[in-house]
Every structure is written in C-alpha cells, then in structure tokens.
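Reviewing the structure listed below.
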Amino acid sequence: MPKLIPVRPKSYRSVVLYAIQAARAPVVLVNRKPIIDFSESGPLTQKGIRQMRDFEVRDGDTPILGFHDHPDEMWVTEAQASIAEHCQAEGWLEIEGRAS
C-alpha cells in the first residue's frame, strides 16, 4: 500500500486535470467505473467532482490521487509528491501533512 499525502483541494478540476496530464496512461475511476470524458461538459467539473463519493486517478494500475466520501479528503501518493507540490504552488490545493 503506497503512502498517502493528505491534501485540501481548492480547485478540484484543476488538480484532477493536472494529475491526468501527468499520467502516461491515465485511468479515472468514479465509483470504481472508468470515465473517459474529461471535457467541461463531462463529469469532471468543480460541481461534479464535489458530488462524487469514490474517485481515483491512476497511471495504468498505479494510484496517483483520489478520495473516498468527499473531495476535501483528497490524497496524493507519496511517489507523486511533485504533483501535490505543483498544485500547491499554483494555489489549487494545500498540502496538509506528511505521507503516512
């Protein structure tokens, strides 16, 4: 099980799209079902993400970020800490602690 960095997103869509862009083989799961529409008319809007309960972005089979229950409980894997750091520098999220 990878270590997870707790983050508090401010712009859900920006964080998610950056993680998708960073993945070589992006896989987005909502309630364990893949979605492929990353456009503004798809489910990955600020409002749409806020209403999701089980969400994960992976690079193939490798988790990058996700949350369960609410997007304010988002995590980024320690191996992808550079994504969290970039998103924090952009003002899209706040890193809340160390990986555990």
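What follows draws every value from the coordinates through simple rules; no lab data is involved. Everything numeric here is computed off the predicted structure, so don't read it as measured data.
Shape of the range 49-100 from its Cα gyration tensor (a ≥ b ≥ c, root eigenvalues): rounded if a/c is under 1.5, otherwise prolate when a/b > b/c, or oblate?
Oblate.
Rounded, prolate or oblate, given the Cα gyration tensor of the range 4-95, with a/c below 1.5 counting as rounded?
Judged from the Cα gyration tensor, the range 4-95 comes out rounded (a/c under 1.5).
Among S39, S14, S82, whose mean-square fluctuation peaks in a Gaussian network model of the chain (Cα, cutoff 10 Å)?
Top of the fluctuation ranking is S39.
In whole Å, how far is the Cα centre of the range 1-28 from that of the range 58-100?
Cα centroid to Cα centroid, the span is 5 Å.
Return the long-range amide H neighbours of D54 (sequence gap of 5 or more, or a different chain), with a cut-off of under 5 Å between placed amide H atoms.
N31, D69
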